[in-house]
Amino acid sequence: MLSRTADNLFWMGRYLERAETMARLLHVGARMNLIPDTVDGFRSEWVSILHASGTHAAFEKKYGEAVERNVITHLFFDRDNPSSVAACVAAARENARIVRTALSAPVWDALNGAYQELKGLERTPRSEISITALTEWTAKQHALASGAIEGTLLRNDGYDFIHLGFNLERADNTARFLDVKYYVLLPDTGFVGSGLDNVQWQTLLRGMQMHRAFHWAYGGDITATKIADLLILNPACPRSLLTAIEEATNHLDRLSRAYGASTRAQTAARALLAELSETRIDDIFDEGMHEFLERMKRQVADISTCVSETYLIGAAA
Amino acid sequence: MGPTYFNEMYEDGAIRALYAGLEGWQRGMPDELRNLKQAEAEALFRRIGITFAVYGEGGDPDRLIPFDMFPRVFTNREWTRLSRGVKQRARALNAFLADVYDRGEIVRAGRIPAKLVYQNEAFEKAVVGIRPPRSVFSHIVGIDLVRTGPEDFFVLEDNCRTPSGVSYMLENREIMMRMFPTLFRENRIEPVEGYPEQLRRTLASVAPAKCEGEPTVVILTPGHFNSAYYEHSFLADMMGVELVEGQDLYVEGDYCWMRTTEGPRRVDVIYRRIDDAFLDPLCFRPDSMLGIPGLMNVYRSGGVAIASAPGAGVADDKAIYTFVPDMIRFYLGETPILNNVPTWQCAKADDCKYVLENLKDLVVKEVHGSGGYGMLIGPRATQSELDLFAVRVRDNPGNYIAQPTLALSTCPTFVEQGIAPRHVDLRPYCLVGEKIELVPGGLTRVALKEGSLVVNSSQGGGVKDTWVLAE
């Protein structure tokens, strides 16, 4: 497979996943804003959403104050923001368009269809679209595309590159989601574990469509520890860091078997997987949640760099 | 009263036999159904992604070329003659190219002026003396044809470099078959779907002698911002070959390689969809980012085949065009089956005088122009446009040729008011490799504006499915 084709497939996967994350962040932000204000002087919830999206600085520069309408524009519609849902959908579709030959017709249909519908959404008056509708639309497009990928693509190296992009992005995004919680954590640690704190955790669960799963898996009270365990260490949770890294490792293993050569990316992913498998949730709280998540984001980025250097650049022999 | 045009469907109000199968179909389609079908076709084109992307001009970057559902029909007998004529021309053009980059016998024999060939902008000095595999320079020859009467076909121009539009021929058919399956059951229509496989075979058949085993064929595209990118990726997909950009290829040793996830892989045949000038920055334009540095060295030493071969453009130059009938006689010893449109060369003083005196009756074109730009259609021009063009021709006569305004045939076409005759042309795609092949069909372009003779998509033209009836 052409290195450039692999690169396009990898990024198609990443953008597809990122589009959904951004939409879910919007959803979480909207719900958190429905919860009565906390104490005076704390940052608006939208600011924490923007921090988690990694685009806070760009937002401030363009829009200034974080009011809801602007945040929706920024995170969903604004194509100047490379991480907005619209930009991600367009980028996923453009990457797919470039490698049409490596995709099945249904996959292209799904991505191209999403893009055509997006253009319709962009023309619709904003007063007629709710945040929920935007989130649901994005999740649906994501489901259509992943369904087409699972159902119709050959299980060859191209499939592995899509999934590598997908899972590395998901690992990064789950870390970002959990970080929202860090950003809304009140300065006074006395609030931790209080009723308010739990409401915010619940919102996070709902944002990730994980509240039912939580009850099935843990039961009982919703606590920060259980939620962190679900989203970081639970191998049954499709969005957990562990699951994403395990999947990425599987696809790297498949590639190295198919190509008959092991790679640094594989080594790095296996090391991270081994660490996560051994970690207990208390270790994470000991290290500090934010510090742990920052480190995870860095390590995932390192794996991504290794993948790029090994497969996607295509250095001459 | 204006000129009369040959109507391909009706003769004195009666339907010609070959269109009989479409009469009932058209009658049985009320306006609402027609609009529905038209919308369905458009949605299909958009979904498949067959758009003619035009970036950097504002507006929708994904423009559709208008598709007219009313097919254009040829009888088997008509097609047999056309096909023989097109293949004959493709053979002569290739013989000409092999000759002018070698001993130039046709020039020595005084049949074509040396200046027209060797000082032509499209003549590539860098490939003189190189003989490509099977002596084929132009592997895909697109011949643009117009019709003016039952038996009267004229060649408007030859395209020896990288004629585009074949994906429309294939997709127009796919969409018609999908929307109107009954039509295809009731009429016996020759299939065109063999084209991609023929193209792959043709390209593989011109692999260099150094290639061992099954040749690796690739399509070289300028990239996804190119207006014909859909076609490039469509053909790569249908042939099952890689679609590469210049950055995916590099030269090392005596070969050209592509960068893959499993390391370098040797490339044997490059079907390039970029111009000569961009192929190799070391040989042609040094600022080209689209090409592969060193490619021409590999080509010269027989490490890779390039289709069409660099330099092929000299054969489809508008100034050379007038000599194609001579080429057919000279190289093949045959009588041309298809005629040229009579052409005046403004470079010749007598011709230039005639052109200036009769500007209002002629079509004047730039020698190197394409896409319907930079041309004057005398009968439709205003006096000031005529005056302006006269000045241009006087300033640089060598840059212009002129032809009579042809009474292009018309074919029924769906328009807002119902069905009306619109002018059409035809581009069949002839493949030249080990064999010379032509699928029964081509791209029919139609001028959708009433009275218009310009069929280019950039100027309001559309496309139609083209049928050849089986015997």
**Prompt:** Can we say residue B:378 is assigned by TED's automatic domain parsing to the domain that holds residue B:22 and crowded, with 18+ Cβ neighbours inside 10 Å?
**Reply:** no
**Candidates A:293, A:255, filtered to the one that is over 17 Å from the mean Cα position of the chain (by Cα) and assigned to a helix (DSSP H, G or I)** = A:255
**Item:** helices (runs of 4 or more DSSP H) wholly inside segment B:125-215 containing at least 2 residues that are closer than 30 Å to residue B:103 by Cα, of a type in the set (A, V, I, L, M, F, W, C) and within 22 Å of the chain's Cα centre (by Cα)
**Value:** B:195-204
**Prompt:** Would a scan of segment B:173-191 turn up a residue that is within 23 Å of residue B:272 (Cβ to Cβ) and in contact (Cβ under 8 Å) with a residue 40 or more places away in the chain?
**Reply:** no
**Prompt:** Would you pick out the residues in segment B:259-301 that are outside any helix (DSSP H, G or I), of a type in the set (Asp, Glu) and either surrounded by 16 or more Cβ atoms within 10 Å (Cβ to Cβ) or within 14 Å of chain A (Cβ to nearest Cβ) (or both)?
**Reply:** B:262, B:268, B:275, B:280
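Let's see how each residue does on (1) away from chain B (no Cβ under 13 Å); (2) surrounded by fewer than 22 Cβ atoms within 10 Å (Cβ to Cβ); (3) among the aliphatic types (A, V, I, L, M):
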{"position": "A:127", "(1), (2), (3)": "yes, yes, no"}
{"position": "A:147", "(1), (2), (3)": "yes, yes, no"}
{"position": "A:159", "(1), (2), (3)": "no, yes, no"}
{"position": "A:166", "(1), (2), (3)": "yes, no, no"}
**Asked** Quick one: is residue B:328 touching a Lys or Arg at 6+ places or on another chain (Cβ under 9 Å) and either in a strand (DSSP E or B) or within 30 Å of residue B:255 (Cα to Cα) (or both)?
**Response** no
**Request:** Kindly indicate which of A:287, A:278, A:291, A:309 is free of Cβ contacts under 8 Å to residues at least 60 places away in the same chain and within 14 Å of another protein chain (Cβ to nearest Cβ).
**Result:** A:309
**Message:** Taking the criterion of being modelled with pLDDT of 90 or more, closer than 14 Å to residue B:93 by Cα and over 24 Å from the mean Cα position of the chain (by Cα), would at least one residue in segment B:321-331 satisfy it?
**Reply:** yes
**Prompt:** Conditions: (1) more than 14 Å from chain B (Cβ to nearest Cβ); (2) polar (S, T, N, Q); (3) surrounded by 17 or more Cβ atoms within 10 Å (Cβ to Cβ); (4) closer than 18 Å to residue A:20 by Cβ. Residue A:112 meets all but one. Number of the miss?
**Reply:** (1)
**Asked** Taking the condition among the basic types (Lys, Arg) and either assigned to a helix (DSSP H, G or I) or within 12 Å of another protein chain (Cβ to nearest Cβ) (or both), does residue A:155 pass?
**Response** no
**Request:** Give B:345, B:403 a once-over and let me know the one that is over 30 Å from residue B:37 (Cα atoms) and touching a helix residue (DSSP H, G or I) at 6+ places or on another chain (Cβ under 7 Å).
**Result:** B:345
**Fill in**
The one condition residue B:305 fails out of (1) out of contact with any helix residue (DSSP H, G or I) (no Cβ under 9 Å at 6 or more places or on another chain); (2) buried (at least 24 other Cβ atoms within 10 Å of the Cβ); (3) of a type in the set (Gly, Ala, Ser) is (1)
**Request:** Working only within segment A:210-245, note down all residues that are part of a loop (DSSP other than H, G, I, E, B), among the aliphatic types (A, V, I, L, M) and either over 16 Å from the mean Cα position of the chain (by Cα) or under 22 Å from residue A:291 (Cβ atoms) (or both).
**Result:** A:222, A:236
**Request:** May I ask you to list the residues in segment B:185-235 that are farther than 21 Å from residue B:279 by Cα and within 14 Å of chain A (Cβ to nearest Cβ)?
**Result:** B:196, B:200, B:234
**Message:** Need the failing condition index for residue A:101 against (1) within 14 Å of chain B (Cβ to nearest Cβ); (2) more than 19 Å from residue A:72 (Cβ to Cβ); (3) surrounded by 20 or more Cβ atoms within 10 Å (Cβ to Cβ); (4) within 22 Å of the chain's Cα centre (by Cα), just the number.
**Reply:** (4)
**Asked** Any residue at all in segment B:236-248 that is farther than 18 Å from residue B:142 by Cβ, in a loop (DSSP other than H, G, I, E, B) and either more than 14 Å from chain A (Cβ to nearest Cβ) or among the hydroxyl-bearing types (Ser, Thr, Tyr) (or both)?
**Response** no
**Asked** So is residue A:120 within 14 Å of chain B (Cβ to nearest Cβ), free of Cβ contacts under 8 Å to residues at least 24 places away in the same chain and either under 25 Å from residue B:223 (Cβ atoms) or out of contact with any strand residue (DSSP E or B) (no Cβ under 9 Å at 6 or more places or on another chain) (or both) or not?
**Response** yes
**Item:** Cβ pairs under 6 Å, 6+ apart, first in segment B:64-86 and more than 17 Å from residue B:6 (Cα to Cα) and at pLDDT below 95, second assigned to a helix (DSSP H, G or I) and not aromatic (Phe, Trp, Tyr)
**Value:** B:65/B:457; B:67/B:41
**Item:** Filtered residues of segment A:241-265 (kept if modelled with pLDDT of 95 or more and more than 14 Å from every other protein chain (Cβ to nearest Cβ))
**Value:** A:241, A:242, A:243, A:244, A:245, A:246, A:247, A:248, A:249, A:250, A:253
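The values are calculated or read from the model by the stated rules, or taken from the named source; none is laboratory data. Predicted, not measured: the structure shown is a model, and the values here were computed from it. A quick note on method: Cβ atoms are made from the backbone with ideal geometry, for glycine too, and the neighbour counts reach across all protein chains shown.
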